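S.K.: Please find one structure pasted underneath; my questions will follow.
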Amino acid sequence: MKKIKTYNHDLWDHGISQGFSVNGTIYISGQFSHDLEGTFVGEGNIEAQTRQTLENLNRVLEGFDVTKSNLAYLEIYLTNGIEHTEPVIRIFKEYMGQHRPAGSLIGVNHLASPEQLIEISAIAYID
């Protein structure tokens, strides 16, 4: 029997769940730099956008009663990989601490919103 759970935030209803868990594996949709009121945070500032995006990732994890230590895989999308890789990796390492999930860093031409510089999707697990 499949065990399914979803997590959604009312302001972010784009036709997909922010997180979807089936049989203990959590699939987390791309998170970006909007606060709980839907306001974009950090226009032109990769560090502010990265921190807000990681806060949003935490919020989805909390919706499944897990933490960042349950992350197994992440995909980080950057619109300017040449300039933004170093600050993003530095902030990401601070965020993760000693936990080292698998992941990919992918350069893209654009994301959903023109001001968006970073997006992070992930896979986590429930203990």
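S.K.: Using only Cα atoms, tell me the angle between helix 81-96 and the longest principal axis of the chain; keep it within 0 to 90° and round to the nearest 10.
M.R.: Tilt relative to the chain: about 40 degrees.
S.K.: By counting other Cβ atoms within 10 Å of each Cβ, how are 25, 50 ranked from fewest to most?
M.R.: Ascending number of Cβ neighbours within 10 Å: 25, 50.
S.K.: Still on this model: Can you compute the modelled spin-label distance between residue 62 and residue 6, with each label point 7 Å from Cα toward Cβ, in nm?
M.R.: Label at residue 62, label at residue 6, 2.2 nm between them.
S.K.: Select from 33, 64, 126 the residue farthest towards the positive end of the dipole of the chain; place +1 on Cβ of Lys and Arg, -1 on Cβ of Asp and Glu, and compute about the Cα centre.
M.R.: Value computed over the given set: 126.
S.K.: Based on Cβ point charges of +1 for Lys and Arg and -1 for Asp and Glu, what charge dipole magnitude is obtained for region 16-125 about its Cα centre, in debye rounded to the nearest 20?
M.R.: 400
S.K.: Helix 46-63 sits at what angle to the longest principal axis of the chain, using alpha carbons and giving 0 to 90 degrees rounded to 10?
M.R.: It works out to around 10 degrees.
S.K.: What order, most packed first, do the peptides 68-75, 53-60, 110-117, 99-106 have when packing is the mean number of other Cβ atoms within 10 Å of each residue?
M.R.: Order by mean packing, descending: 53-60, 68-75, 110-117, 99-106.
S.K.: Still on this model: Arrange the following residues from fewest to most other Cβ atoms within 10 Å of their Cβ: 108, 66, 88. Working shown, then result.
M.R.: Numbers: 108 12, 66 18, 88 23.
The most exposed by this proxy come first: 108, 66, 88.
S.K.: Going by how many other beta carbons lie within 10 Å of each one, how would you line up 33, 121, fewest first? Walk me through the intermediate numbers first.
M.R.: On the way: 33 27, 121 16.
Listing 33, 121 from fewest to most nearby Cβ atoms yields 121, 33.
S.K.: In nm, give the distance between the simple-model label positions of residue 72 and residue 93, each being 7 Å from the Cα along the Cα-to-Cβ direction.
M.R.: Once both label points are built, they end up 2.6 nm from each other.
S.K.: Right, another one. Expressed as a rounded percentage, what relative contact order does the chain have, with Cα pairs under 8 Å and six or more residues apart?
M.R.: 31
S.K.: Given (1) 8.4; (2) 7.8; (3) 11.6 as candidate values of mean projected area of the Cα convex hull in nm², which corresponds to the one derived from the coordinates?
M.R.: Recomputing mean projected area of the Cα convex hull in nm² here picks out (2).
None of the figures in this text is laboratory data; all of them are computed from the coordinates on show. Model, not experiment: these values are computed from the prediction. Counting neighbours? That spans all protein chains shown, and the Cβs are built from the backbone with ideal geometry, glycine included.
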